[in-house]
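Colleague: Quick one: the structure is below, questions incoming.
The values are calculated or read from the model by the stated rules, or taken from the named source; none is laboratory data. What you are looking at is a predicted structure, and each value in this text was computed from that prediction instead of being measured. Cβ sites come from the backbone with ideal geometry, for glycine too, and all protein chains shown count toward neighbours.
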Amino acid sequence: MEELKAVLERVEEKLIAAEKIYAAMQFQVWIVIVTLYYVLIGPLKTVPWQLTAIYWISAFIVFAYFTKIIWKRLIKLHLSAGRKTVSFSEFGWAIAFSWISGTILGWIIIPRYLSGTFEPLVALGIGYSIFISWSVFGMFLAFWYFEKSLEKEMIPAFLIPALIIPLIPKVAKAAMVYAGFTVAFAFGLTVLAYIYSAFKSLG
C-alpha cells in the first residue's frame, strides 16, 4: 500500500507540473504575439487600424488553436492518470467568450468612449490594457469554475495591465508601446510563476 501511495503521489506531482508548464506555454505564446506586433509596426511611420485589427484577430485564432492543442494533451494526461476533466467545448467557449468580450470592450467600446477625452493613442493604450486584463481575468474565472483550480500564477497577467491604466495618459506619445511592454512584463512574470510552481510540485 505504501508503494502504491508513493506511485500515485509521483503521478499526481507530474500531472500538476505538466499542467503548470502547459499554462506557461500559453502565456509565452502571447508574449511572442505581443512583441511580434511591435517588430512589425516599428518600421512604419503610421500604423493603419486595419493592420492592427487583422493582426489581433489572427493572433486570437492562433492562440485559440494553440489552446486547443494544449487542452487535448492535458486530457490525455488526465486520462492516463485515471482522472476526469471537463470537455473542451465547455471550457473552450468560456475562454472564447472572455477574449471576444475583451476584444469588443478594449478595441471598440473603450477607444470610442475615450476618443473625446484623450488622444487616439492614449485611448488605444487604455483600451488595449483593458482588453488584456479583462480577457485574462475571464480565463482566470474559467479555470476557477470549470477546473476548480485557483490559478494564482495568472494574477500578474491581468492585475498589472489594469494597474498601469492611470499611468498611460502620462506617456501619451508612447501609450501603445508602454501598454504593450507592460503586458509582456506581466505575462513574463506569469510564465516564471508557472514554471516555478511546476518545479515546486516535483519537490
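Colleague: Going through region 141-177 one residue at a time, which ones are surrounded by fewer than 19 Cβ atoms within 10 Å (Cβ to Cβ) and over 30 Å from Ala17 (Cα atoms)?
Modeller: Hits for region 141-177 are Ile165, Pro166, Leu167, Pro169, Lys170, Val171, Ala172, Lys173, Ala174, Val177.
Colleague: Run down Trp93, Trp49 and say which single residue is surrounded by fewer than 17 Cβ atoms within 10 Å (Cβ to Cβ), among the aromatic types (Phe, Trp, Tyr), over 26 Å from Thr190 (Cα atoms) and modelled with pLDDT under 90.
Modeller: Working: Trp93 fails: over 26 Å from Thr190 (Cα atoms).
Exactly one residue qualifies, and that residue is Trp49.
Colleague: Would you please name the residue that is nearest to the chain's Cα centre (by Cα), looking only at residues in region 1-41 that are at pLDDT 80 or above and of a type outside the set (A, V, I, L, M, F, W, C)?
Modeller: Checked region 1-41; the qualifying residue nearest to the chain's Cα centre (by Cα) is Gln26.
Colleague: Could you grab the pairs with beta carbons closer than 7 Å, sequence gap of 6+ or different chains, first residue in region 178-203 and crowded, with 21+ Cβ neighbours inside 10 Å, second one among the basic types (Lys, Arg)?
Modeller: Tyr194/Lys20; Ala198/Lys20
Colleague: Next question. Scan region 100-137 residue by residue and report those that are closer than 18 Å to Ile57 by Cβ, buried (at least 20 other Cβ atoms within 10 Å of the Cβ) and in contact (Cβ under 8 Å) with a residue 40 or more places away in the chain.
Modeller: Passing the criteria: Trp107, Leu124, Tyr128, Ile132.
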